[in-house]
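These notes concern the structure reproduced below.
Nothing in this text is a laboratory measurement; each read-out follows from the coordinates by a stated rule. As the structure is a computational prediction, the values presented were derived from the model and not from experiment. In this analysis, Cβ positions are derived from the backbone assuming ideal geometry, glycine residues included, and neighbour counts consider all displayed protein chains.
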Amino acid sequence: MFDKRLVEVVIATFDVSYGGENGLNQAITQSADALSNVRFVEEKNLISKFFEQISLDTGMIVFGVNDTMKALEASAIKTVLLYDEIEIMRYEIKNPVKGDTKIWYLNPK
């Protein structure tokens with residue numbers, strides 16, 4: 001009864017003892033390892049594309065907080081890779097006479 005076109009995209013199958021919400025919770029628990037592997041593969045592909053762009057020197061990669069924020073403000077970013085423990089302080093200094101604002105991103109260490 002299972003559509004044969006879907007067989008190639010099935011990651012794993014699991015038997016559950018319950019139906020409804022309990023069965024869904026059991027399936028999620030059992031599939032945690034399979035789903036984490038999928039996320040790992042997605043992240044690995046993303047990093048591979050990142051290094052490929054660097055090696056090709058396409059100019060499509062920016063590094064550092066300041067360059068990244070400038071590209072973000074210009075809506076020129078498709079994907080952002082972040083270090084999860086980055087410590088950055090954002091400083092906004094407004095000129096009360098001219099009304100313009102300067103922004104700096106600095107590492108507090």
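Data table
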read-out	value
FRET efficiency, Glu43 to Asp100 (Cβ-Cβ, R0 41 Å, nearest 0.05)	0.55
DSSP H segments from the chain that extend 18 Å or more along their own axis, Cα-based, with Kyte-Doolittle mean of -0.5 or above	32-56
